[in-house]
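Notes to accompany the following structure.
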Amino acid sequence: RIEQVIGREILDSRGNPTVQADVILTDGTVGRGSSPSGASTGQFEALELRDKDTARYGGKGVVHAVHNVNTTLREAVKGLSPYDIFAVDQAMLKADGTKDKSKLGANAILAVSLAAADAAAKSLGQPLYRFIGGINGNQLPVPMMNILNGGAHASNTVDVQEFMIMPAGATSFREGLRWCSEVYHSLAALLKMHGLTTSVGDEGGFAPNLASDEEAIQYIIRAIEAAGYRPGTDFVLALDAAASEWKGAKTGEYVLPKSGQKYTSAELIAHWKKLVQAYPIYSIEDGLDEEDWEGWAQLTKELGDKVQLVGDDLFVTNTERLAKGISQGCGNAILIKLNQIGSLSETLEAIKLAHRNGYRTIISHRSGETEDSFIADLAVAINAGQIKSGAPNRSERVAKYNRLLQIEEGLGDGAIYPGFLTFAQKH
Ligand code: PGA
Ligand code: ZN
């Protein structure tokens, strides 16, 4: 039974406050959970409650959210069984009563939800992935590793937010992780050689000033080759345009905030098509705005049989928005972020809906992270197949990869690494 819940204000990887919660059981077990925080936040995400008191942390304090953990949420879950996460979450949703968790805060509710799951696993003496996934969760994810940052995550000239490498040809997670780290270092050497900066962005990828997204891709291809790997075979590429940050779908014109370049929805689709033809790009996330449903349907019609098209801001881990996307033929994969919806059980519902409809799932960190490695266990538990946790740089990113190494070791011969063929296009 849940005996006590304690909330506290901690710092995330950008030095902004976020919510951490401890759930203490009657048997003495302590579970812990922390909420991450985005920068290129989707308009339809659950509400992250911030104090707006400019005297503290520039208004970003979470004292109110922590207070909600220590009062309303504590009362709501006290006495409940931590093994029934759905009941724990339901009690909190009822206490909040709003659709977007704006009364108590998604950051408050999620921290308790994750802490309860952690407590349940610990009290059973089971690893977290086993508690969540049972004996069915055995698949290590292919990392979608962001090694070059732009957009809202860096102060450079690059508009596409994330350039990622995927070690699809590796035979295990451990091997894939090593390959990624080698390419990351080979990219550093290459940038240095060209007089470009190797300072990093919010997700640990390099953030040099470059003329175009194509130039970024070319550097990465050369880095893969310089490290001794074959682009397209050992590695495939993935992009997150985060085009909802480009604002303009409402006016029929996308304006890239840094370069000032303009595209209509159709021109942007043509641009992605051109890149996919020229480079081994496996996946494109948020290639269009979160409200450009028509554009998304067109993009999926034109590229959906060749490329993984991932809805992040479009779906915001929300079953209603995902159901709309499925019915309109928008995208073929969903990015899963716990704090977009704000509880573990609702996240699991979104994953189930995706899998039932042949949409792939990518478990994801946020650009503002903590040392918590929950998403590593979640990825294995639900056999996601892919994970986004940034570059092999900055400990809040590496914590998730290191946890996956432990899980792979623990699973022994039972561990599955999907690699390239298993997640090749089925559409
Ligand atoms: P965010 O970025 O956490 O800043 O929203 C991550 C993403 O867009 O995938
Ligand atoms: Zn994204």
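Structural remarks
- Per the listing GLY61, GLY151, GLY79, the residue uniquely in contact with a strand residue (DSSP E or B) (Cβ under 8 Å, 6 or more places away or on another chain), in contact (Cβ under 8 Å) with a residue 60 or more places away in the chain, of a type outside the set (A, V, I, L, M, F, W, C) and more than 25 Å from LYS400 (Cβ to Cβ) is GLY79.
- Within region 102-148, being out of contact with any helix residue (DSSP H, G or I) (no Cβ under 7 Å at 6 or more places or on another chain), crowded, with 24+ Cβ neighbours inside 10 Å and under 21 Å from ILE6 (Cα atoms) holds for ALA115, ALA119.
- Screening PRO82 on (1) outside any loop (DSSP other than H, G, I, E, B); (2) buried (at least 18 other Cβ atoms within 10 Å of the Cβ) shows it passes everything except condition (1).
- Any hit, region 23-31, residues being crowded, with 18+ Cβ neighbours inside 10 Å, touching a Gly at 6+ places or on another chain (Cβ under 7 Å) and either closer than 30 Å to GLY248 by Cβ or modelled with pLDDT of 95 or more (or both): yes
- Between GLY311, GLY295, GLY329, GLY252, the distinction of being within 16 Å of ligand 2 (Cβ to nearest atom) and touching a helix residue (DSSP H, G or I) at 6+ places or on another chain (Cβ under 8 Å) belongs to GLY311 only.
- Checked against (1) in a helix (DSSP H, G or I); (2) in contact (Cβ under 8 Å) with a residue 40 or more places away in the chain; (3) within 16 Å of ligand 1 (Cβ to nearest atom), LYS400 passes all but condition (2).
- Residue selected from region 213-225 under the condition without any contact (Cβ under 8 Å) to a residue 12 or more places away in the chain and under 26 Å from the mean Cα position of the chain (by Cα), by the criterion surrounded by the fewest Cβ atoms within 10 Å (Cβ to Cβ): GLU215
- For the residues ARG356, ARG360, ARG366, the requirement of being within 16 Å of ligand 2 (Cβ to nearest atom) and either surrounded by fewer than 23 Cβ atoms within 10 Å (Cβ to Cβ) or free of Cβ contacts under 8 Å to residues at least 12 places away in the same chain (or both) singles out ARG360.
- Looking at GLY311, GLY228, just one residue is surrounded by 22 or more Cβ atoms within 10 Å (Cβ to Cβ) and either within 21 Å of ASN146 (Cα to Cα) or within 16 Å of ligand 1 (Cβ to nearest atom) (or both), and that residue is GLY311.
- When region 54-79 is filtered for residues that are over 24 Å from the mean Cα position of the chain (by Cα) and either at pLDDT below 95 or assigned to a loop (DSSP other than H, G, I, E, B) (or both), the ones remaining, listed by number, are THR54, ALA55, ARG56, LYS78, GLY79.
- Selection of region 42-59 for residues being within 16 Å of ligand 1 (Cβ to nearest atom) and either over 21 Å from LYS337 (Cα atoms) or out of contact with any Ser or Thr (no Cβ under 9 Å at 6 or more places or on another chain) (or both) yields PHE44, ARG50.
Residue by residue, here is whether (1) surrounded by fewer than 24 Cβ atoms within 10 Å (Cβ to Cβ); (2) among the hydroxyl-bearing types (Ser, Thr, Tyr) holds:
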{"site": "ASN156", "(1), (2)": "yes, no"}
{"site": "GLY169", "(1), (2)": "yes, no"}
{"site": "VAL183", "(1), (2)": "no, no"}
{"site": "THR197", "(1), (2)": "yes, yes"}
{"site": "GLY201", "(1), (2)": "no, no"}
{"site": "PHE206", "(1), (2)": "no, no"}
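- Hits in region 238-283 - residues which are in a helix (DSSP H, G or I), of a type in the set (Asp, Glu) and at pLDDT 95 or above: GLU267
- Hey, VAL160 within 16 Å of ligand 1 (Cβ to nearest atom) and either assigned to a loop (DSSP other than H, G, I, E, B) or without any contact (Cβ under 8 Å) to a residue 60 or more places away in the chain (or both) or not: yes
- Condition check for LYS306 on (1) away from ligand 2 (no atom under 16 Å from the Cβ); (2) at pLDDT 95 or above; (3) under 23 Å from the mean Cα position of the chain (by Cα): one failure, at (2).
- Hey, SER102 assigned to a helix (DSSP H, G or I) and either within 30 Å of LEU210 (Cα to Cα) or hydroxyl-bearing (Ser, Thr, Tyr) (or both) or not: no
- ARG50 being of a type outside the set (Ser, Thr, Tyr) and within 30 Å of LEU288 (Cα to Cα): yes
- Scanning region 109-148 for residues that are without any contact (Cβ under 8 Å) to a residue 24 or more places away in the chain and β-branched (Val, Ile, Thr) yields a single hit, ILE135.
Condition check ((1) part of a helix (DSSP H, G or I); (2) more than 12 Å from ligand 1 (Cβ to nearest atom)) across all residues:
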| residue | (1), (2) |
| --- | --- |
| LEU299 | yes, yes |
| GLU302 | yes, yes |
| GLU320 | yes, yes |
| ALA323 | yes, yes |
| CYS330 | no, yes |
| ASN339 | yes, no |
| THR347 | yes, yes |
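The values are calculated or read from the model by the stated rules, or taken from the named source; none is laboratory data. What you see is a predicted model; the values in this text were computed from it and never measured. Positions of Cβ are generated from backbone atoms using ideal geometry, with glycine treated the same way; all protein chains shown enter the neighbour counts.
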